[in-house]
Amino acid sequence: MCTVCGCGAGEVKIEGGAPENSHEHTHIHEDGTVHSHAHGHDHDHAHTHGGGEALAGVHAHTHHHADGSEHSHDHIHQGEHAHEHGHEHRHHEHGVAGDLDYGTGPARAHAPGMSQSRMVQIEQDILAKNNTYAAANRNCFDERGILALNLVSSPGSGKTALLVRTIESLKGKIAISVVEGDQQTSNDAERIRATGVAALQINTGKGCHLDGHMVGHALERLQPADDSLFLIENVGNLVCPAAFDLGEHHKVAILSVTEGEDKPLKYPDMFRAADVMLLNKCDLLPYLEFDADLAEANARRVNPDLTIFRVSATSGEGLAAWVSWIESGLEAQRGKRLETVDALKRRVAELERRLAES
């Protein structure tokens, strides 16, 4: 995930303003150490790295195999050290190796020069910080009766088109706010605003997902109404968004029939994290060799509890059931808010009674 791909180094810009005046950067070094620093954007800045001794050396190892093939990889030396090989070499007598699986091991990822245990620790640290922001977002949503949905998918699955149709079905009944996540452009936010609802674009730069901190800033900017719907269209990516809680109540995974029935098996983390799957572009099924039943079966192999709707943003097929599901979620959120309000009233009444008796 992002501890490997380094997407946290991307520059985030929230539409309507310059980047935040001060924010924190986390740097992950080749030797597995991590340091953070904060800086502002209104002036030039410099920073130093604690424990910045030069690496004692980096050199390559070359392995010669019995079949005549060879491969090389780097080792990073910093004084005396121990290093792990998180992979095994499989050999075939005819010189054809087995598949390479870098998703094995505790970290389920691979980074040159970094042990699996260190990668796990870094991931836990990053996600713990994100989860703090996400919990604050969720508390805000719950206190105000807002239903928050996080829409995730591959690029081109039809997320924005589905959002537009969903908004058109609901905007006369409830207030709606939308956060649009993309690496660049405000094209999708402009499409949403054309429906008449408030939308805020977040450009993640090199980043491949939204996080809890970004959504918190969006909440401050958008100021959604009580008892409203808050829709988040995440960056098109079926990998990193699966790991990052934004404070939403449900992740909604969108799979289009122009992709493949085995997509849930190829990207299980996303479909396991989702509560709902929308099988989109179903109007195209007569023209494609796509087995919708098999796609649903594969999704339920990963997540047996997944709620699935077959929909089409073009024809409107299945949207009534999807919208009805949203309306039920909104009612549940409103009920939570009323329970919270009633509990506060009872608490105030009890305090007033005690004051009167004292």
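Just so you know, all these numbers are worked out from the coordinates, no wet-lab data involved. Model, not experiment: these values are computed from the prediction. So basically every Cβ, Gly included, is an ideal-geometry build from the backbone, and we count neighbours across all protein chains shown.
For the range 194-303, the relative contact order is 24 percent, taking Cα pairs closer than 8 Å that sit 6 or more residues apart in sequence and dividing their mean separation by the residue count. Computed from label points 7 Å out along Cα-Cβ, the spacing between LYS345 and ALA161 is 4.7 nm. Pairs of Cα atoms nearer than 8 Å and 6+ residues apart set the relative contact order; for the range 127-336 it is 27 percent.
Ranking ALA274, ALA128, LEU163 by Cα position along the charge dipole of the range 127-336, where only Lys, Arg, Asp and Glu carry charges on their C-beta atoms, puts ALA128 farthest toward the positive end. The packing ranking of peptides 133-142, 343-352, highest mean first, is 133-142, 343-352, where packing means the average number of other beta carbon atoms within 10 angstrom of each residue. Here's the picture: charge each Lys and Arg Cβ at +1 and each Asp and Glu Cβ at -1 in the range 291-358, and of SER324, VAL311, VAL341 the one pushed furthest to the positive end of that dipole is VAL341. An oblate overall shape is assigned to the range 135-215, the ratio a/c of its alpha-carbon gyration tensor axes (a ≥ b ≥ c) being 1.5 or greater and a/b not exceeding b/c. The lysine pair tally for the range 127-336, using Cα distances under 23 Å and a gap of 8 or more places or different chains, is 21. The slack between ALA136 and ARG193, meaning 0.36 nm per residue of separation minus the straight C-alpha distance, is 17.9 nm. Legend: translational diffusion of the range 127-336 by Stokes-Einstein, Rh = Kirkwood radius over C-alpha pairs, 10 °C, 1.306 mPa s; D = 93 µm²/s.
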